[in-house]
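The values are calculated or read from the model by the stated rules, or taken from the named source; none is laboratory data. For clarity, every value in this text was computed on a predicted model and none was experimentally measured. Note that each Cβ is placed from the backbone with ideal geometry, even for glycine, and that neighbours are counted across all protein chains shown. Surface accessibility is based on the protein's heavy atoms, side chains included, excluding ligands, DNA and RNA. Shrake-Rupley method; radii C 1.70, N 1.55, O 1.52, S 1.80 Å.
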Amino acid sequence: MPEIKILPSILAADIGRLEEACKLCERSGADGLHVDVMDGSFVRNISMGPEVVRMAKKCTARLMNVHLMASRPDFYVEPFAEAGSDTLLIHIESECDVGRTLAEIRQCGMKPGVTLNPETPVEDIVEVLDEGLVEEVLFMTVHPGFGGQSFISEVLPKMRWLRDRCPDLDINVDGGINRETSVESARQGCNYFVIGTHLFRADDMATEIALIRESVRVAQSGSDVS
Ligand code: DX5
Ligand code: ZN
């Protein structure tokens with residue numbers, strides 16, 4: 001099975017104290033940071049841009065997993081590459097040529113990824129997958145735009161479908177992830193866990209990351225945890 005990564009979403013952090021948040025994630029054992037970029041058009045919210053990635057990159061050596069919720073992600077590939085993004089995830093529902101944009105992401109030295117909203121059929125990404133343009137997939141398990149929402153469990157069968165088809169692909173789950181929903185998603189084949197509210201509200205982020213890492217590892221290997 002592919003490697004497990006726990007990626008705190010800094011949307012849930014105090015962005016005015018970004019350095020502190022980055023250091024907290026790093027010393028708590030996070031594998032990277034998930035950065036939610038919202039353009040006010042694809043979703044009804046505006047969040048951060050490339051400058052936040054650039055600043056975060058100065059505070060931690062961990063990987064930058066950037067989730068671009070934008071109508072025209074093709075406009076922003078170069079700025080995010082220059083800012084130091086490691087992965088750039090664009091939405092299949094966006095208004096650009098997704099295949100071409102994924103190819104450009106790779107040309108710019110980043111790992112190309114595609115994201116699906118909760119209602120989007122997984123079959124919609126088959127074409128870009130079969131063309132070899134995708135190295136990472138992200139399943140939204142909440143409606144994009146805001147943190148702190150509840151996990152939509154109807155998405156779970158799509159994860160299983162994709163994992164059965166692509167045994168080595170890195171599959172993210174994002175939205176409403178906690179101790180229980182991380183295990184449910186791991187059982188359906190997810191290996192990257194994006195976690196905002198649950199980690200930033202935890203009494204001790206390190207303990208929580210260690211606990212989730214171990215329980216998803218067990219779930220992935222087919223055994224149960226209680
Ligand atoms: C929502 C974002 C998520 C969000 C997850 O549009 O894509 O990454 O930060 O936050 P929680 O874990 O609070 O659901
Ligand atoms: Zn996200």
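Condition check ((1) open to solvent by less than 20 Å² (accessible area, probe 1.4 Å); (2) in contact with a strand residue (DSSP E or B) (Cβ under 9 Å, 6 or more places away or on another chain); (3) not β-branched (V, I, T)) across all residues:
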| residue | (1), (2), (3) |
| --- | --- |
| M1 | no, no, yes |
| S9 | yes, yes, yes |
| C22 | yes, yes, yes |
| V43 | yes, yes, no |
| M55 | no, no, yes |
| D74 | no, yes, yes |
| L88 | yes, yes, yes |
| C108 | no, yes, yes |
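With a requirement of 3 or more residues that are surrounded by 15 or more Cβ atoms within 10 Å (Cβ to Cβ), the helices (runs of 4 or more DSSP H) lying completely within region 112-226 that satisfy it span 156-165, 179-187, 197-200, 205-220.
Output the residues belonging to region 53-70 that are of a type in the set (S, T, N, Q) and touching a Cys at 6+ places or on another chain (Cβ under 8 Å). The answer is T60, and nothing else.
In the set (1) surrounded by 19 or more Cβ atoms within 10 Å (Cβ to Cβ); (2) within 14 Å of ligand 1 (Cβ to nearest atom), E104 fails one condition alone, (2). Is region 196-218 home to any residue that is out of contact with any Lys or Arg (no Cβ under 6 Å at 6 or more places or on another chain), under 26 Å from P73 (Cα atoms) and either within 14 Å of ligand 1 (Cβ to nearest atom) or small (G, A, S) (or both)? So far as region 196-218 goes, yes, one or more of its residues are out of contact with any Lys or Arg (no Cβ under 6 Å at 6 or more places or on another chain), under 26 Å from P73 (Cα atoms) and either within 14 Å of ligand 1 (Cβ to nearest atom) or small (G, A, S) (or both).
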